[in-house]
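Asks: Provided herewith is a single structure, encoded as structure tokens, for subsequent inquiry.
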Amino acid sequence: MGPRSRIPTAAFGCAFPTSRSPNANLPRKSRTEGLFSRHATGYIGWAMEQYPWIFWVATAVLVALTLAALVAPLIRRRSDDPVDEVTDIDIYKSQLEEVERDLARGVLNSEEAERTRTEIARRLLAADKAGSRATSDAPQGLNRALAVVTVLGIAGAGIWGYVELGAPGYADQPRSERLLRAEELREGRPTQREAEARITDKIAATAQVGDDVREMIERLREIVPTRPDDLNGWQLLADNEGRLLNFEGAAQAQTRVVALKGEEATETDRYRLAFYRFIADDGAVSPDLQALIGEVAEDRDARTDLWQAMALDARSIGHFQAAARAQERYLAAVGENAVPADYQDLLDYLVSAAGGIVTPEAETIAVRLLQRDEGNPAALYYAGLLYYQTDRPDRAFNFYRRVIETGTPGTLHYTMAAGQIEDVAWLAGKDYTLPETQTRGPSAADMAAAQDMSEEDRAAMIGGMVSSLSERLANEGGPPEEWAQLIRALGVLGETERAAAIWGEAQEVFAASDAAIGTIRSAARAAGVAE
């Protein structure tokens, strides 16, 4: 178990118990009752854990008793001995004999005896008529067959249901123990650096170059080092190593470019070298890189812009670890001037760099966002994801539902929450169906299928989503988050002209809202269409 998180126990508005004992804060009487209750069931639980067959034996006995009660009427035979059965007819005959004896003894006169005989005879005839309509016993063979079917059906259905829906051999899990386990999972999360270290493939993007280009780059790798003063060759090699996402090779080639140009090296040349080295070192800043950055950006404002550009460029190739390091330095540079969108970007980078895990560092950013805006969709979504990952679907459901109820359909975090909320609701024991009027997000299966798509199919899918969003904004309008999402997506697709046009239109639509313009400007900068 890792160290206890420094985040307050009331993070995200709901506290975990800080004591290891779930009864620690109860009155003495309640604690005593809980202790005796635990002892009352403790031996049974211990025995079932030590001897699992006890459960199956007890189950078999209960099933046998239940089946016996159901089957017994089917296989029981009615007695054929008339002595064992006393019918209404026998009773009425006995009453007739009693009337004759009373008449002989003088207890009844002839008129009374006649009336009594008539009444008894009437009842006797009715009883005889009813008896003649009584159904006969079903054949014993049919009864036995029905009994066998009943036994096999009920027992088979019970076993199948338990195996499919239950957990055979699973130990008992009282609610208090589940809560403690959830707390341990939350405390035992890896740190951001630990989670990032587990990710071997740091760059999510794939190099989109043909075989002919790869062959050309191989020839460049062979020829250019033999011509150390060939500036054009080194520039060509640096550019193409970058296209292949081989940033170590790109950094080495760009180093030679800057050296050959000397004083004539441009700011762009030095920025490319800094970026290539930054990505090659997975976001680490060596003394040499720090010195190079000092040459590229001499004052604080320039360094602020440089780190923001680094973060956006790192994100564009899917190197979220480097994007997170650059965004952290950008936030440190802007200080109190940072807007919620800046922290939201960092939160996205941190979780992506950690392989989807909400680490304690990411939780800290989410808490900070919620303190500034309790309805921030990114913070709400990642709060829910945190509880989903730490076996608290009940709390995860509450956060996801807030995203669905207050968020904007089509935005990133709304889409992710919509794709998970029904599964989370089921785990939490909630009967919840995402409203059909809302936009459903991609499920886990959809995301897995997208990973298996070819580059062309994936691009077509993304293009369709972008076109749908663009059409809806044109016809119905939408919040600034959706405009920002569209501009970002167009930037990723390389459609900078469309992104610039939409950025210009957004400035007119949201001219009265500085906050909205700030949100959209961040996306426009990411797409390379705004300063």
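Asks: With a cut-off of at most 13 other beta carbons within 10 Å, and DSSP calling the residue loop, which GluC sites (Glu not before Pro) in region 317-386 qualify? Please list them.
Replies: Those satisfying the criteria are E374.
Asks: Could you give the dipole magnitude of region 200-308 about its Cα centre, charging the beta-carbon of Lys and Arg +1 and that of Asp and Glu -1, in debye to the nearest 20?
Replies: 140 debye
Asks: Suppose R0 equals 41 Å; then what is the FRET efficiency for V151 and E97 from their Cβ-Cβ distance, rounded to the nearest 0.05?
Replies: Step by step, r from the Cβ atoms, then E = 0.25.
Asks: For region 285-293, just list the computed ³J(HN,Hα) in residue order, Karplus coefficients 6.51, -1.76 and 1.60, θ = phi - 60°, integers in Hz, with x standing in for Gly and Pro.
Replies: Karplus-based 3J(HN,Hα) across region 285-293 equals 10, 7, x, 5, 5, 4, 5, 5, 5 Hz.
Asks: Right, another one. What GluC sites (Glu not before Pro) in region 233-298 are in a loop by DSSP, with at most 12 other Cβ atoms within 10 Å of the Cβ?
Replies: Filter output for region 233-298: E298.
Asks: Another question, if that's okay. Between E267 and V209, 0.36 nm times their residue separation minus their Cα-Cα distance comes to what?
Replies: Gain on stretching E267 to V209: 18.1 nm.
Asks: May I pose another question? If you keep only loop residues by DSSP, which trypsin sites (Lys or Arg not before Pro) in region 172-281 have at most 15 other Cβ atoms within 10 Å of their Cβ?
Replies: For trypsin sites (Lys or Arg not before Pro) across region 172-281 that sit outside H, G, I, E and B with at most 15 neighbouring Cβ atoms in 10 Å, the list reads R198.
Asks: Same structure, new question: What is the gain in length, in nm to one decimal, between R221 and V107 on full extension, counting 0.36 nm per residue of separation less the C-alpha to C-alpha distance?
Replies: 27.6 nm
Asks: Label points 7 Å out from Cα along the Cβ direction at L65 and T433: separation in nm?
Replies: Roughly 4.0 nm, to one decimal.
Asks: Still on this structure: Would you mind calculating the gained length between L179 and K129 on full extension (0.36 nm times residue separation, minus the Cα-Cα distance), in nm to one decimal?
Replies: 11.0 nm is the gain from fully extending L179 to K129.
Asks: Per residue of region 247-261, what does 6.51 cos²θ - 1.76 cosθ + 1.60 with θ = phi - 60° give for ³J(HN,Hα)? Whole Hz please, x for Gly and Pro, Karplus curve as stated.
Replies: Along region 247-261, the couplings run 6, 5, x, 5, 5, 5, 5, 5, 4, 5, 4, 5, 5, 5, 6 Hz.
Asks: How many angstrom lie between the Cα centre of region 87-103 and the Cα centre of region 259-286?
Replies: Rounded to whole Å, the Cα centres lie 121 Å apart.
Asks: Using the basic label-point model (7 angstrom from Cα toward the beta carbon), what is the D230 to R122 distance in nanometres?
Replies: Simple spin-label model gives 12.8 nm for this pair.
Asks: Residue-wise, which Karplus ³J(HN,Hα) couplings in Hz belong to region 337-342, taking 6.51 cos²θ - 1.76 cosθ + 1.60, θ = phi - 60°, and x for glycine or proline?
Replies: 7, 5, 9, x, 4, 5
Asks: Let's test the formula: R0 of 45 Å, r as the Cβ-Cβ distance of D299 and L493. What FRET efficiency results, to the nearest 0.05?
Replies: Taking R0 as 45 Å, the efficiency between D299 and L493 is 0.85.
Asks: Let me ask something else about it. Just want the answer: with Cβ charges of +1 for Lys and Arg and -1 for Asp and Glu, which residue in T304, P287, T359 is farthest toward the dipole's positive end in region 277-376?
Replies: T359
Asks: Same structure again: At 7 Å along Cα-to-Cβ for each site, give me the label-to-label distance between T87 and Q507 in nm.
Replies: According to this spin-label approximation, the distance is 10.5 nm.
Asks: At a Förster distance of 56 Å, what's the computed FRET efficiency of E405 paired with I159, Cβ-Cβ distance as r, to 0.05?
Replies: Given R0 = 56 Å and the Cβ-Cβ separation, E is 0.85.
Since every read-out is calculated from the coordinates, none of them should be taken as a lab result. All values derive from a computational prediction rather than experimental measurement. We place every Cβ from the backbone using ideal geometry, glycine too, and count neighbours over all the protein chains shown.
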